[in-house]
Amino acid sequence: MQFPNCTVVDHPLVKHKLTLMRRAETSTASFRALLQEISLLLAYEAFRDLKLREEEIQTPMAKMVAPVLEGKKLVLVAILRAGQGILDGMLQLVPSARVGHIGLYRDPETLAAVEYYYRVPGQLADRDVVVCDPMLATGNSAVAALSRLKRNKPGSVRFVCLLASPEGLMNLREHHPDVHVYTAAIDERLDEHGYIIPGLGDAGDRLFGTK
Ligand code: URA
């Protein structure tokens, strides 16, 4: 199936690290480290079209005109709690980014997203915002987070996840066709509990060693 709203980051390092993360026997420490490493690679692709402007600088040898990022600092928004794992990796690449958090949990009966926390930097109007959550499963949390965020009128919004399901991508496309998704892989389907199959299990539990 084709998803025009999604870029699958096609790179041997991403594929290899994702396989290690999927393995049930991978330790919490390794899972955490791998998520950071992979997130950095996803961020590299997600930020590919950031606008540049020219600036005159002085190297130790000569003056030159060199490219620098145009516009205000990026804003990274983690959907709690597992989004924090992606955020940590992305911050290694863009350490000056501003950071927001959106707390959502999934109602186990309805699988609907319920908001319990919202704190993002002010004045998003001319900022590029990246929302992160490792698992785009039903897409309900992502849709709710993006709807809430758009009330603050961000300049642009992208979504970065580790794994996406076809159902989640379709849900996101229906509700937020302007938001492009960057992911390491699109898996087969969801199970009856809204988990991605084959997936990697509960990303939050594996990241924080809970359960
Ligand atoms: N959240 C997870 O952590 N894993 C899934 O498979 C789906 C949602």
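Just so you know, all these numbers are worked out from the coordinates, no wet-lab data involved. The model shown is predicted, which means the values in this text are computed figures rather than measured ones. All Cβ positions, even for glycine, are placed from backbone atoms using ideal geometry, and neighbour counts span all protein chains on display.
Brief remarks on what is shown
- Its relative contact order, with pairs defined as Cα atoms under 8 Å and 6+ residues apart, puts the chain at 23 percent.
- Candidates Lys63, Lys17, Lys73, ranked by Gaussian network fluctuation over the chain, Cα under 10 Å, top entry: Lys63
- The count of lysine pairs in the chain whose Cα atoms are under 30 Å apart, excluding pairs fewer than 8 places apart on the same chain, comes to 17.
- Cα gyration tensor shape for the stretch 1-70, rounded if a/c is under 1.5, else prolate or oblate: oblate
- Cβ-based charge dipole, the stretch 6-208, positive-most Cα from Leu80, Leu20, Val8: Leu80
- Full-extension gain in nm, Leu52 to Lys153, via 0.36 nm per residue minus C-alpha separation: 34.1 nm
- Legend: calculated FRET efficiency, Glu37 to Asp10, from the Cβ-Cβ distance at R0 = 22 Å, rounded to 0.05, equals 0.85.
- Result for the chain in a Gaussian network model with C-alpha springs under 10 Å: among Pro12, Pro134, Pro67, the largest mean-square fluctuation is at Pro67.
- Net charge dipole, the stretch 137-185: roughly 280 debye, given to the nearest 20, about the Cα centre with Cβ charges of +1 for Lys and Arg and -1 for Asp and Glu.
- Volume per residue of the convex hull around the Cα atoms, evaluated for the chain, comes out as 137 Å³.
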